[in-house]
Each structure stands twice: as C-alpha cells, then as structure tokens.
1. Of all the residues that make up segment B:246-273, how many are within 9 Å of another protein chain (Cβ to nearest Cβ) and in contact with a strand residue (DSSP E or B) (Cβ under 8 Å, 6 or more places away or on another chain)?
2. Does residue B:221 qualify as being assigned to a loop (DSSP other than H, G, I, E, B), within 11 Å of another protein chain (Cβ to nearest Cβ) and over 21 Å from residue B:124 (Cβ atoms)?
3. Please go through segment A:199-223 and pick out each residue that is crowded, with 16+ Cβ neighbours inside 10 Å and closer than 16 Å to residue A:46 by Cβ.
4. Do any residues in segment B:243-269 that are on the phi > 0 side of the Ramachandran plot have Cβ atoms under 8 Å from those of residues that are in a loop (DSSP other than H, G, I, E, B), where the two are at least six apart or on different chains, and which pairs are they?
5. Of all residues in segment A:1-14, which are closer than 16 Å to residue A:97 by Cβ and more than 10 Å from chain B (Cβ to nearest Cβ)?
6. Looking at segment B:195-213, which of its residues are within 12 Å of the chain's Cα centre (by Cα) and under 14 Å from residue B:232 (Cβ atoms)?
7. Having 1 or more residues that are out of contact with any helix residue (DSSP H, G or I) (no Cβ under 8 Å at 6 or more places or on another chain) is the bar; report the strands (runs of 3 or more DSSP E) wholly within segment B:1-91 that clear it.
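Nothing in this text is a laboratory measurement; each read-out follows from the coordinates by a stated rule. What you see is a predicted model, and the numbers here were worked out from it, not measured in a lab. Reconstructed Cβ throughout: ideal geometry from the backbone, glycine too, with neighbour counts over all protein chains shown.
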C-alpha cells in the first residue's frame, strides 16, 4: 500500500495505490479504480474501500483509492467540489493507475455519488468495466434528503452563522447540487460499457444486477452504524475478480 | 505564504500514514500532531484536521495529521498492546517524525478531538517533548453522582460542601456511555487520573488548552465551573479552559471551525512570561 500525491503538482490529488501481490503478478489483469462517494458517506465507507482494495490486490489486481479535489487529503476547498470536477478526477486517477499498473485495462468501482460522477466521466474515458455500488441516479431526491436532514440537525443555539453552501457540515456548492439535479442516466449505457450494479434493487437497464444488502449510506447514517457486512464485501470482490 | 503538503510514512515498518502540512518557505514557529478523532480516518469530521492544518501552516505551524495503527490508511498494530496505549505511542512516533524536519522547533504540540483528546493527553503525559496539548471535548467530569438528565449538572458541581466532604478532589466520569465517540466507545480516564495528568503536565511546564463544545459542555456556563471542580490541583496558570456554546462536538459549521483555528493559533503562538 503506497500513499501518493498525483496529478497537477501545484494542486495534487491524494490517493493510495495498492500494488498487485507479487505472487499474482503474472495473472494481473489490470487495475481497479475505487471511486468513493461524497461527504459523510465517503468517511463511513473509507475503511471498507481499503479492505476491498486489499482483497483485490492480494488476488493480482492493482487498485487505487483517491480523494476528490476539495475533499479528504486532496488539494482544494469544498467549494470546488462538483460532479464535473469529480468526473475529471476519475479520469486523472485512471491515468495514474494505468501508469502504475502498467496496464490500460482499468475498471471502476464507484460508490453512490461516485457512481454518478463515474457515469459523467464516461464522456471522457472508458473503463474496462463499470461496477456501481448503490449509485445515485436521482440527484434531486439525494439533494433533497441531504437538505432535509440538514434542517433537522440539532445545532447550538448560536452557531455564529451557517454556511448556505454546506449540508450536515460538508460543502455542497449550489453548482454541485444543480449538476446532481440535472443528472440523467444516458439511455443504453450498458451497451457502451459492461456494467454490474451492486445493491438491493436493479437500477440500470441491461446491466448485471448483483443483489447485496443496502449499505451504510444516506444522510442519517451514523459513524457507529457504518458497517458493511463481510458477506457484501466478499460478493463484490468475487464479482470483480470473476 | 504558500502551503505545501507531502505524504509521510513512519513508525515501525513505515506502517503509519500521515500528511505533513507546512509553510513552503517560512521558518517554522511550532509543530503539531493531530491523531484520529474516534474511529474516523485522519481527515476527521467535516475535514476539520485538513482545514486546520492548512490554516495553521499559513501562520508558520507545521502539522502532521495521521492515522494511528488500525485506522484509516495505517496498518494494524503488530503487537497486542492496548489500543489506547498503542495510539499514544503512535502519537509519539508522529511527533518524532514531524520534528525531524526541523529539530529547532521549540513548540511541540498534540491536538486531539473526542477520543483523539484522550490519545493526545496520554501521549503528552508520556512524551516529555510535548510543550502544548490541545484537548477538544475530552471527557467532562462532575462530582460523584451522575446527573440523571443532563451530562453536566452545575448545581451539583458547585455544591462545595458536598464536593469537599466526599469527593474532593475527586472527579468521576459521569456519562461514559453517552459520550460522543465518532464510532468508538470511549472509556475515559477516571476523573482523578485525568486531573492528575493535567497537573503533571503543568508541573513540567506543558501548557494545556481544554475546549468544550455545546455537546459535551452542555449546561456549563463557563470555564470557572470546570476549574472549580479541579480546585484541588495546581496548574500554575498553564491550564486554559474554553467553553464554546456556539459549536457542536463535530464542529459541523464552517464558522465554528474557523473560530477554532484562530483560537488554536493564537493560543499556541502566545508569548508567555519566562518560567511561567
């Protein structure tokens, strides 16, 4: 596991590269880019994605986890975050993973809004395979749920001012919200790229649906309850390795 | 002033992962280590450690925010050490790694939020190099009987006769099971140990800033209440208590985070009388 900065040297992205296990190097089939979600979900799922990357790399797949610009340890501030910037970062990270893995065969595993960004990124790059984990395709409902949860958040009596462009303490620029609301799943997308969807319900016509229980997602998820069952992780890892 | 960041791996087998954040060219005025808040990855709640690091770097303060063993991007601990003890050892490793970039840095600080405050206190107690400790929402203690409704009961605390009769200088954990923990069940020090630890730090010259949010400090009207509960101990003016009712435990609002950064910077860089 190698933590790295990559991309534009003056404003790099942070990532963690998981080289393939040397015992499987010959069998290495390329790499998998893990595209996290946004905000609280990204924090809740961080350790799970690490665990998944470790499983995949132990079986010969190079993996890269990374933080979007304006999030985590990457450069930038939260007000730079948008669906299009996330998509651009996915493209940048794909380039980095290809170089490090020595292979152009890179798949994407994208979680929640990471899935929304990944689909957006298809305009600029094409993964070998797209794995979507409970992707957010109804951006209006997603944004509405966030805003509703934010209104219900119990706050100190005088916060000294609330930032309008934040929900639940995470930056949520209007431009990002508008992009999410405008998002529409392109028709026939599963004919352009092979897609697997992990989750309790099928959401993409023509894609393979892999049934796993609902993950620790949504605005109400607490850090305490953010646990992904081992069976879910095994199902996802096995499907990617298949 | 420009800020630069680089990845640092350190500790046994380079198993600890963190981000060094510092001013690009300016001389360093202080160095500070920030371990995890609870079980969260090092980027913390609402990216607080990241924003703080970049803000402090603009004032000449280098930071190393990092994951202790078993969290975030760091490896699992190799031995069977108690997790709390291991985390404190990790903080000491981090401070060593951070100060290795400039051994002349005189002000060496640790900052912890929530369970990270417990870790920071334990590390400061073990590491004589720590000159400043910042504890954000460490456990709040009250006299003997736990309050039934509120985590803090000022009336009970302020009952001097009762405190002196049976408790002085004892302070005991009150609402352990209700402590906000960012995914971890906190097991705070017994109150007497907490107070003794603070006293030991003060005695050796380490300054401590304890800051309570409205979540943990609910019911507190000000620092005096806390200091009063610690009246049996000597801090020689090196203990500062803040009570900030305008923020919650997770520093959810950006405005609260900005105020925190300013407060920490001001406190850390404050000039003190020689020998004080």
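1. Qualifying residue count, segment B:246-273: 7.
2. Judged against the criteria, residue B:221 is not a match.
3. A:215, A:216, A:217, A:221, A:223
4. Filtered contacts from segment B:243-269: B:251/A:169.
5. A:6, A:7, A:13
6. B:198
7. Those strands (runs of 3 or more DSSP E) span B:3-10, B:16-23, B:61-67.
For (1) in contact with a helix residue (DSSP H, G or I) (Cβ under 6 Å, 6 or more places away or on another chain); (2) without any contact (Cβ under 8 Å) to a residue 24 or more places away in the chain; (3) away from every other protein chain (no Cβ under 14 Å); (4) more than 30 Å from residue B:182 (Cβ to Cβ), each residue gets a yes or a no:
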residue: A:132; (1), (2), (3), (4): yes, no, yes, no
residue: A:183; (1), (2), (3), (4): yes, no, yes, yes
residue: A:188; (1), (2), (3), (4): no, yes, yes, yes
residue: A:194; (1), (2), (3), (4): no, no, yes, yes
residue: A:206; (1), (2), (3), (4): yes, yes, yes, yes
residue: A:212; (1), (2), (3), (4): yes, no, yes, no
residue: A:215; (1), (2), (3), (4): no, no, yes, no
residue: A:227; (1), (2), (3), (4): no, yes, no, no
